[in-house]
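Working notes, structure below.
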Amino acid sequence: MIESITQRLSTSTTGRPADAVSDRALLDLDFSGGAVPADLGVYSRASAKWLRRAGDGQLGAIAADTFHADHDEAGRPLGYSSEEQRSNLLHDTETFQSGWTKSSPGISLISAMEIAPDGQADGELWEFDQTAGTRQVSQASIACAGNTTYSLSIWVKGGNANAPTLLRSRVTGNVSGTIIGGAAYTKLNGDTLNPRAESGWVRGAVSFTTGAGDTTLTVTAVEVQTDGGPNSDAQLLLWGTMLEAGLFPSSYIANPGASGTVTRSADILTIPVADRFAANDAGTILVEWRSPAGLKASGQSYILMAGNVDTTEQIGINANHNNGHSFDFGWRIGGVWKSTLRPAGSAAALTDYRSAIAWARDGSRIAFNNGVSASTASADGVPAVEEFRIGYLTPSSSWSNGWIRRLRYWPYRLGDGDLARLTA
């Protein structure tokens with residue numbers, strides 16, 4: 001597979017051939033159909049990862065070092081899910097019978113054999129009785145870090161006509177006390193989560209930041225307020241709790257054990273290229289991708305980086321959700337950024353984008369959803385490229401945490417018309 005890329009790169013030219021067809025990229029990795037591209041490259045992930053399957057959209061564990069495209073709840077392909085390493089700090093994540101403290105009286109198990117988002121009969125149906133009051137399901141003594149943003153998430157489904165219209169959470173730190181109190185879960189798209197109105201399983205999430213001295217948390221994953229009215233017993237199906245460091249939830253990390261944490265390793269997808277590619281003074285990279293469920297207030301998330309192995313020579317496209325702009329396009333030589341282009345505007349969560357950078361010694365162009373901009377020429381030339389790193393910057397930093405739907409590369413700089421058309 002890599003040989004075919006290398007052979008094609010070694011015969012390419014630095015300028016655009018007169019008879020070239022702009023859509024006929026030298027490298028075309030199309031993940032949008034759910035299949036594994038023929039020229040995938042080198043993929044690794046040291047642990048299993050839960051993704052949705054094609055067809056039924058059910059969650060399932062994909063073995064370590066096995067590439068698998070992600071899908072939505074309906075089984076439609078989303079593309080390659082590139083995520084950083086994260087850990088689930090909660091235990092007993094698929095049962096609430098043990099390992100959780102339930103406010104008493106008022107919470108009872110109706111069934112432990114409900115079909116869950118993984119297609120297995122391991123979901124649980126719980127009833128919250130009609131006596132007015134707050135009903136809680138909690139885990140205590142959860143080790144955490146101070147001054148850190150966390151995301152708490154859970155899958156829920158209304159169990160009867162009296163299911164709650166809001167599901168709340170609560171987190172208490174050992175120093176700062178109540179960090180979030182009665183905060184309502186939202187769906188991943190930001191909409192209010194109303195279990196009574198949903199027709200199926202929905203993942204809810206809420207984020208919070210610990211105080212400087214907080215090293216232990218009490219986490220209430222379920223808080224239901226009953227109203228004391230007649231026939232108001234509320235039923236909820238529950239499954240798949242997670243507490244992880246990060247502004248938004250990542251793919252599910254199962255921890256069915258009675259204690260400890262479970263870590264999902266980062267995705268690493270790299271495509272080595274021929275040394276002769278480094279001699280090319282021009283090129284174009286186009287990436288079609290979907291942003292993650294949340295956007296950082298600061299920092300960068302790399303969609304694609306092309307460069308040499310020690311990362312001092314790079315051509316990059318990254319999401320930079322601060323400083324009045326959303327994306328950076330550019331390159332650096334000798335570890336110093338030489339040319340950077342930053343279109344204005346704000347990125348949105350769970351949104352599809354098309355981003356491209358086309359470069360040559362006499363100048364570069366960027367295209368972002370049909371908007372084309374120019375930069376000044378770099379007197380230092382262009383970077384030496386030895387590999388594509390898809391969805392991350394280095395093996396230890398700056399993942400996109402979204403989905404890469406398609407990546408294309410041409411060994412020449414495309415014109416503005418082609419860039420606008422291909423990113424429309």
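No value in this document is a laboratory result; all are computed from the given coordinates. In this text the structure is predicted, and so the values were computed from the model without any measurement. Cβ coordinates were reconstructed from backbone atoms using ideal geometry, including for glycine residues, and neighbour counts include every protein chain displayed.
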For this session: Could you order peptides 403-411, 355-363, 94-102 by the average number of other Cβ atoms within 10 Å of their residues, highest first?
Result: 403-411, 355-363, 94-102
For this session: Provide the packing ranking of 40-51, 381-392, i.e. peptides ordered by the mean count of other C-beta atoms within 10 Å per residue, highest first.
Result: 381-392, 40-51
Exercise. Efficiency by 1/(1 + (r/R0)^6): what FRET value for Ser87 and Asp129, r their Cβ-Cβ distance, R0 = 45 Å, to the nearest 0.05?
Worked result: 0.80
For this session: Beta carbons within 10 angstrom, averaged per residue: use that to sort the peptides 239-248, 175-184, highest first.
Result: 239-248, 175-184
Seminar exercise, completed: Between Thr148 and Ala74, the FRET efficiency computed from the C-beta separation at R0 = 35 Å comes out, to the nearest 0.05, as 0.50
Problem set entry | Spacing of the two label points (7 Å from each Cα toward its C-beta) at Ser32 and Leu350, in nm | 2.0
Exercise. Under a plain spin-label model, where a point goes 7 Å from the Cα along Cα-to-Cβ, how far apart in nm are Ala140 and Val42?
Worked result: 5.0
Exercise. Taking R0 as 22 Å, what's the FRET efficiency between Asp65 and Gln120 from their Cβ-Cβ distance, rounded to 0.05?
Worked result: 0.35
For this session: Can you tell me how much longer the chain between Ala112 and Ala54 gets when fully stretched, taken as 0.36 nm per residue apart minus their C-alpha distance, in nm with one decimal?
Result: 18.2 nm
Seminar exercise, completed: Between Ala258 and Val309, the two model label points (7 Å from Cα along the beta-carbon direction) sit apart by a distance in nm of 4.8
Exercise. By its C-alpha gyration tensor, with a ≥ b ≥ c as the square roots of the eigenvalues, how is the stretch 86-264 shaped: rounded for a/c under 1.5, else prolate for a/b larger than b/c, else oblate?
Worked result: prolate
